[in-house]
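The values are calculated or read from the model by the stated rules, or taken from the named source; none is laboratory data. Note that the structure is predicted; figures quoted are calculated from it, not measured. Cβ atoms come from the backbone with ideal geometry, glycine included; neighbour counts cover every protein chain shown. Accessible surface areas use protein heavy atoms only, side chains included; no ligands, DNA or RNA. Shrake-Rupley method; radii C 1.70, N 1.55, O 1.52, S 1.80 Å.
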Amino acid sequence: MIHSVAIVGAGTMGNGIAQVCGQGGLTVRLIDPVAAALAKAEDNMVRNIQLLIDNGLLNSSVETVMEKVSFSDRLDTAESADLVIEAIPEKFQLKQQLFQQLEQICSSRAILASNTSGIPITRIANTIGTPERVIGTHFYMPAHLIPLVEVIQTEHTSEPVIEETMNFLTTLGKTPVRVRKDIPGFIGNRLQHALAREAMSLLGQGVASAEDIDAVVKTSLALRLVFTGPVEQRDFNGLDIHLSIAEYLYPDLENTTEPLAILKNKVAANELGIKTGKGFYDWRDKNIPEIQAKKNQELINLLKIIKD
């Protein structure tokens, strides 16, 4: 049984995962060498917990949750954890070093998990002597709101580790999905990138504006996909109909194996999106915190509907 969790990395994902664990009544230690990151994480958690309470999604108090969470700048404070979740920057060398340290610090029974969204879990597992206890737990941002967690197994991961991780996430109210093959991008990012590639291709061809392409998704596909996934939807539509359309449409879909020029050009021009003020949209003179807060509230409203 998992009773105590250590989260390494107090950034956006790390503090969100720590919050979810605290809400589940577990003893949580959030670890980061940067004191300012820990302070910011604590502020974010308090604010996000209160938001859930205000919206009726959490039957608790800020104090009750936060008393389960402690903060540390020392990695060795993870030594008593039953589960350690790594949420540090997406650099393999950093993760390699961390897992090697954790193997020495933690109990041999502790599960070592990575929240990476792109680095193969097998590659991480192969850096230590006990790869059977390494697993992927890919939370989606914002971790305190999105139910999904992809649980990625490797050829080394033991069945008890997989089962215990799945059960642990279920008790937290998450929806764990078992990814049985450790492939790049897992499931969610492969689907997401396939859609984004086609959207950017349509934009680059001048088929429609960014706003109109997004409108098609927001006002049709997104609404359907909330309650009916892409595979189930094919059954509703009829597989014969899907095959007929696929036979003439697939050859015309974007299938480049390289990032599209429209994306490369944006990055080369330092038009990176919100972080630089401009991407496919112009974000200059926009109140970004207000926009993000509104989107989170809209997501909460949707979660309330789904929960009911």
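So if we plug the beta-carbon distance of Asn237 and Asn270 into 1/(1 + (r/R0)^6) with R0 = 51 Å, what FRET efficiency do we get, rounded to 0.05?
0.75
Pulled fully out, how much extra length does the chain show between Ala194 and Lys91, if you take 0.36 nm times their separation in residues and subtract their Cα-Cα distance?
Going from the current span to full extension adds 34.7 nm.
Can you give the Rg to Rh ratio of the stretch 192-235, both from alpha-carbon atoms, with Rh computed by the Kirkwood formula?
Using Cα coordinates only, the ratio equals 1.03.
Cα centroid distance between the stretch 10-41 and the stretch 250-299, in Å?
Here the answer is 28 Å between Cα centres.
At a 1.4 Å probe radius, carbon and sulfur cover how many percent of the accessible area of the stretch 172-308?
Within the stretch 172-308, the accessible surface is 59 percent carbon and sulfur.
To the nearest 20 Debye, how big is the dipole of the chain about its Cα centre, given +1 on the beta carbon of each Lys and Arg and -1 on that of each Asp and Glu?
With Lys and Arg at +1 and Asp and Glu at -1, about 340 debye.
Can you tell me, using C-alpha contacts under 8 Å and at least 6 residues apart, the relative contact order of the chain as a whole percent?
13
Taking only Cα atoms of the stretch 150-254, what ratio of Rg to Rh do you get with Rh as the Kirkwood inverse-distance radius?
1.06
Mind giving me the FRET efficiency for Ala35 and Asp76? R0 is 22 Å, r the Cβ-Cβ distance, nearest 0.05 is fine.
0.85
Taking only protein heavy atoms and a 1.4 Å probe, what accessible area per residue, in Å², does the chain have with all protein chains in place?
56
Give me the percent relative contact order of the stretch 1-150, please, defined on Cα pairs under 8 angstrom at least 6 residues apart.
In percent, rounded to a whole number, it is 26.
Starting from the Cα gyration tensor of the stretch 42-195, take the square roots of the eigenvalues, sort them a ≥ b ≥ c, and report rounded, prolate or oblate (rounded when a/c is under 1.5, otherwise prolate if a/b is larger than b/c, else oblate).
Oblate.
Specify which labelled value, from [x] 34, 24, 21; [y] 36, 25, 15; [z] 43, 25, 19, agrees with semi-axes √(5λ) of the Cα gyration tensor in Å derived from the coordinates of the model shown.
Label [x] holds the value from this structure.
Using only Cα atoms and rounding to the nearest 10 degrees, what angle (0 to 90) does helix 35-54 make with the longest principal axis of the chain?
Its long axis makes an angle of about 70 degrees.
For Lys295, go through the aspartates and glutamates and keep the ones whose alpha-carbon is under 17 Å away, minus same-chain ones fewer than eight residues off.
Cross-link targets: Asp54, Glu211, Asp214.
Calculate what fraction, in whole %, of the accessible area of the stretch 29-82 sits on carbon and sulfur atoms when a 1.4 Å probe is rolled over the protein chains.
Carbon plus sulfur share of accessible area: 46 percent.
Can you compute 3J(HN,Hα) from phi for each residue in the stretch 295-304, using the Karplus curve 6.51 cos²θ - 1.76 cosθ + 1.60 with θ = phi - 60°, rounded to whole Hz and x for Gly and Pro?
5, 5, 5, 5, 5, 4, 4, 5, 4, 4
In vacuum, with every alpha carbon of the stretch 1-85 counted as one equal point scatterer, what does the Debye formula give for log10 I(q)/I(0) at q = 0.13, 0.14, 0.21, 0.27 Å⁻¹? Two decimals, please.
Taken in order of the listed q values, log10 I(q)/I(0) reads -0.36, -0.41, -0.90, -1.34.
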